[in-house]
Amino acid sequence: MIRCTNCVLPSCFPQIEIDDEGVCNYCRSGYKSMAHRYTDGLDGLVKRLERLRLQYVQNDDYDCVVALSGGRDSSYVAYYVSRVLKLRPLLFVNDNGFMPPQTRENIQRIAETLDTEVVVKSHDMRQLAGKAIACWVKKPSAAMIGTFCTGCMVGIHGGLMKVVREYNVRLVLHGGGGELASLGTTFPLQLLTSSMEFSKRRLLLGFARNLASNPRYAMSPKLLGGAIQEAYYRYYFRSFNRKELKMVSLYNFVDWNEKEVTETIKREFGWERPEYCTNDWRTDCRLHRVKEYLYLESCGFTKNDVMLSTMIRRGEITRDAALERLEKENDVSAKYVAMICDDLGVEFGDVHAAVEKLKHQSAPELVQIQADELEN
């Protein structure tokens with residue numbers, strides 16, 4: 001596999017261009033991360049939160065809500081809010097039906113260590129995920145792997161609104177941003193829109209094109225209805241609720257550093273990743289492993305390639321170290337994926353056959369194939 005000689009992005013990555021010196025356009029653009037957008041840093045965050053608490057919090061017991069998944073980055077947010085900012089957080093957890101047992105233990109340890117309440121709201125999306133995968137295997141498309149998460153934001157934002165209204169704590173701190181602010185982690189959107197430029201219109205058109213190519217998605221009322229709900233909560237929810245809810249990302253003010261984040265939560269909370277996970281990222285959802293398996297097998301890369309490439313550009317890791325990590329970490333167990341498929345009522349044999357249809361085709365080729373099919 002040909003990779004950028006500066007980072008580790010492969011030549012099959014969406015919208016990538018590798019020049020004569022072997023360097024990709026992502027590196028040439030100088031892109032590192034959108035994290036730490038506010039230059040006033042911690043001092044600015046403290047002042048902002050003091051002002052926002054007066055406006056959005058009417059509760060004597062809590063200063064804010066922390067959106068906690070039990071994964072690495074949100075666990076660090078819970079630590080930072082309580083121990084560094086000295087705020088009293090109410091912990092909100094969305095249980096989507098794919099939470100590993102180890103993640104539940106992590107959440108319990110965090111709540112006990114911080115001596116605070118954790119509120120769990122359930123929004124089981126297993127049925128929708130099973131339907132999405134069943135449709136996908138009939139006509140596999142790399143662009144539609146992301147639809148397996150239909151219902152995720154419905155559960156997170158829908159449950160969050162219930163909690164903030166119940167407790168009158170409408171200030172929410174979360175772990176969005178950080179390495180997730182890397183341009184390349186949006187590659188599922190790049191696959192869907194065939195572009196590096198995103199807009200709601202482009203996303204809608206991309207989704208509509210894929211529906212036309214595989215109408216099985218639209219033939220399932222629950223799946224189509226779930227997709228419409230998901231689009232609202234993912235792209236319009238904050239705009240419609242900005243007066244009632246204020247969400248602040250810690251990593252817009254504080255630099256994300258993988259070593260510091262990981263060492264801190266392990267030291268403070270005894271945080272552990274599930275045994276099936278090969279790295280510490282996105283360990284809070286079993287469905288994520290299915291998606292990573294499909295991206296790796298059909299496209300040749302995962303979000304891990306992107307995160308490590310961003311870390312290289314930021315000077316946090318060497319390229320050789322990143323390559324060593326890819327060798328170890330981009331190893332998703334087919335047996336584990338088969339077990340999840342069985343839980344969802346989907347035959348892994350069908351999933352494997354679908355992957356074979358896409359295998360050895362680069363992501364740009366897959367996008368072009370989809371465009372050609374639609375034109376014809």
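Once backbone amide H atoms are built at 1.01 Å from N, Thr283 has Arg72 as its partners under 5 Å, excluding neighbours fewer than 5 places away on the same chain. The simple spin-label model puts a point 7 Å past each Cα toward its Cβ; for Val84 and Asp40 those points are separated by 1.8 nm. Phi-derived couplings, Karplus 6.51 cos²θ - 1.76 cosθ + 1.60 at θ = phi - 60°, listed residue by residue for the stretch 153-167: 6, 4, x, 5, 6, x, x, 4, 4, 5, 5, 5, 6, 5, 9 Hz, with x used for Gly and Pro.
If you average the C-alpha positions of the stretch 37-69 and of the stretch 111-127 separately, how far apart do those two centres end up, in angstrom? The two parts, judged by their Cα centres, are 21 Å apart. Answer rounded, prolate or oblate for the stretch 1-149, using the Cα gyration tensor with square roots of eigenvalues a ≥ b ≥ c: rounded when a/c is under 1.5, else prolate when a/b is larger than b/c, else oblate. Oblate. Between Arg51 and Ile2, the contour length at 0.36 nm per residue exceeds the alpha carbon distance by 12.6 nm.
The aspartates and glutamates whose alpha-carbon is closer than 13 Å to the alpha-carbon of Lys121, local same-chain residues fewer than 8 away aside, are Asp95, Glu166. Here r is the Cβ-Cβ distance between Asp19 and Glu324 and R0 is 22 Å; the resulting FRET efficiency, rounded to 0.05, is 0.30. Pairs over the 19 Å Cα-Cα cut-off, from the set Lys138/Lys335; Lys162/Lys246; Lys303/Lys357; Lys222/Lys243; Lys139/Lys359: Lys138/Lys335; Lys303/Lys357; Lys222/Lys243. Each residue of the stretch 306-315 is assigned a 3J(HN,Hα), and the resulting list reads 6, 4, 5, 5, 5, 5, 5, 5, 8, x Hz, derived from the Karplus form 6.51 cos²θ - 1.76 cosθ + 1.60 (θ = phi - 60°), x at Gly and Pro. Each peptide in 194-200, 220-226 receives the mean, over its residues, of other Cβ atoms within 10 Å, and ordering these scores from highest gives 220-226, 194-200. The stretch between Met196 and Arg242 holds 13.8 nm of extra length on full extension. This uses 0.36 nm per residue minus the Cα-Cα distance. Subtracting the Cα-Cα distance of Tyr235 and Tyr336 from 0.36 nm times their residue separation leaves 33.2 nm of extension gain. For Asp255 and Lys359, FRET efficiency with R0 = 45 Å and r from the beta-carbon atoms, rounded to 0.05? The pair Lys359/Asp255 has a calculated efficiency of 0.75.
Computed from the Cβ-Cβ distance with R0 of 51 Å, the FRET efficiency linking Thr113 to Ala212 stands at 0.50. Only helical runs count toward this figure. For the chain, summing -39,500 (n - 2.57) over DSSP H runs of n ≥ 4 and dividing by all residues gives -15500 deg cm²/dmol at 222 nm.
Near Val66, the amide H atoms lying under 5 Å from its own belong to Leu90, Leu91, Phe92, Leu173; only residues 5 or more places off or on other chains count, and H is placed 1.01 Å from N. Count Lys and Arg as plus one, Asp and Glu as minus one, and take only other residues whose Cβ is under 13 Å from that of Arg170; the net charge is then +4.
Summarising the label geometry, the points placed 7 Å from Cα in the beta-carbon direction at Glu275 and Phe348 lie 1.7 nm from one another.
Note that the chain carries a Kirkwood radius of 21.6 Å, evaluated over its alpha carbons pair by pair.
Restricting attention to the chain, close to 15% of DSSP beta bridges with both partner residues there are antiparallel.
Read the figures in this text as sums done on the coordinates, not as results from a lab. It should be emphasised that the depicted structure is a prediction, and the values quoted were computed from it without experimental measurement. Reconstructed Cβ throughout: ideal geometry from the backbone, glycine too, with neighbour counts over all protein chains shown.
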